[in-house]
Ligand code: SAM
Ligand code: SF4
């Protein structure tokens, strides 16, 4: 599908639950989320039907996310089913890694080859603080298990938060020197309620890149096929085994090359992370709409994609989106 700004839309992020076993302060309220009733969450068969029709409109890549996707029962079988959908060439997963040590092997065998693991601190106490109780060792075991299972590349997503983990920039950079992982620094986005709590905590990736560049020789992977990976700009610490990526949704919009749609756990298609305009698929689906109707609704969501989101940072981030990331599916 080509949208009205000439972007090819071929990537669908599917949130299979809004529940999570962590409560990251920038993503969820303290008491957790789940405003969605059990019956309002799409069943796996319903998601497969949507993905099947989306594939006919040009979606070829699917990322499974949440909330925390590994807390939903049956996730491995669901992924296996996804792998049978004609036209879907690539299935990936984003997880907080807490349950990954137990799941890595079966996820790999079910057809996931690429995995993103979120990790905002390498210090156990700070990790517990930002996640409101998470166990860093469990995540590190999950990362090791993913490596043993054969995942490659393993991407570690690190949201940079001023006054919280900006003192760990070099620790994360060092983490890539003797490990074959890709650490991706992500700018904090002002989403939902949690965004309001984190006002003033945004840190631009220019700061992070400078801090690393002052301590190490940072080589852009220019000329290489891997210089840019989706929205990430990639570098390597000279001599390092791993890669450092910068994803800068606030300071460097990547809207011009945005190729994605998002399916929320309660069955809405979202055209832009930052815009609350959504197309309801669940209601027509449960009313018994035809395959053609579903495809039309998917095209309608593509038609709603704005040229770019409106977030800029001028000392006061402008909030554009009312929902937290865990409700949308990051
Ligand atoms: N629970 C899984 C995880 O944490 O990887 C998957 C869902 S989570 C919503 C996906 C990603 O969104 C995580 O890497 C998280 O750090 C990121 N995220 C959540 N809220 C964010 C925000 N306000 N700004 C930037 N990234 C955010
Ligand atoms: Fe859960 Fe992921 Fe949000 Fe953290 S970022 S609260 S792990 S959904």
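The values are calculated or read from the model by the stated rules, or taken from the named source; none is laboratory data. Keep in mind that this is a model prediction, so the values were computed, not measured. Note: ideal-geometry Cβ built from the backbone for every residue, glycine included; neighbour counts use all protein chains shown.
Brief remarks follow.
- Selection within the stretch 51-68 - under 30 Å from residue 187 (Cβ atoms) and either in contact with a helix residue (DSSP H, G or I) (Cβ under 6 Å, 6 or more places away or on another chain) or away from ligand 1 (no atom under 12 Å from the Cβ) (or both): 51, 54, 58, 59, 60, 61, 62, 67
- Residues of the stretch 133-167 that turn out to be in a helix (DSSP H, G or I) and in contact with a helix residue (DSSP H, G or I) (Cβ under 6 Å, 6 or more places away or on another chain), as a count: 6
- Inter-residue pairs, beta-carbon under 9 Å, first farther than 12 Å from residue 24 by Cα and at pLDDT 75 or above and in the stretch 187-201, second within 8 Å of ligand 1 (Cβ to nearest atom) and not in a loop (DSSP other than H, G, I, E, B), 6+ apart: 187/159; 188/159; 188/195; 189/159; 189/195; 189/325; 191/325; 191/328
- Entry remark, the stretch 53-100: residues being more than 16 Å from ligand 2 (Cβ to nearest atom) and either assigned to a helix (DSSP H, G or I) or farther than 17 Å from residue 264 by Cβ (or both) number 26 in total.
- Some residue of the stretch 76-91 being closer than 19 Å to residue 157 by Cβ and surrounded by fewer than 19 Cβ atoms within 10 Å (Cβ to Cβ): yes
- Taking the stretch 1-21 as the range and being over 15 Å from residue 265 (Cβ atoms), touching a strand residue (DSSP E or B) at 6+ places or on another chain (Cβ under 9 Å) and touching a residue at least 12 places away in the same chain (Cβ under 8 Å) as the test, the residues that pass are 1, 8, 9, 10, 11.
- Of the helices (runs of 4 or more DSSP H) that lie entirely inside the stretch 229-330, those containing 3 or more residues that are at pLDDT 80 or above span 282-287, 291-303.
- In the stretch 234-254, the residues that are over 18 Å from residue 202 (Cβ atoms) and under 16 Å from the mean Cα position of the chain (by Cα): 245
- Checked against the criterion of being on the phi > 0 side of the Ramachandran plot and under 21 Å from the mean Cα position of the chain (by Cα), the candidates 87, 58, 66 yield just one match: 58.
- The residue that is farthest from residue 65 (Cα to Cα), among those in the stretch 110-132 that are within 11 Å of ligand 2 (Cβ to nearest atom) and assigned to a loop (DSSP other than H, G, I, E, B), is 132.
- Selection count where residues are surrounded by 21 or more Cβ atoms within 10 Å (Cβ to Cβ) and away from ligand 1 (no atom under 13 Å from the Cβ), scope the stretch 104-145: 3
- Scanning the stretch 288-301 for residues that are in contact (Cβ under 8 Å) with a residue 12 or more places away in the chain and touching a helix residue (DSSP H, G or I) at 6+ places or on another chain (Cβ under 8 Å) gives 291, 294, 295, 297, 298, 299.
- Test: residue 140 is modelled with pLDDT of 95 or more and under 30 Å from residue 109 (Cβ atoms): yes
- Hey, residue 14 more than 10 Å from ligand 1 (Cβ to nearest atom), within 14 Å of residue 326 (Cα to Cα) and buried (at least 22 other Cβ atoms within 10 Å of the Cβ) or not: yes
- So residue 170, is it within 16 Å of ligand 2 (Cβ to nearest atom) and either part of a helix (DSSP H, G or I) or surrounded by 15 or more Cβ atoms within 10 Å (Cβ to Cβ) (or both): no
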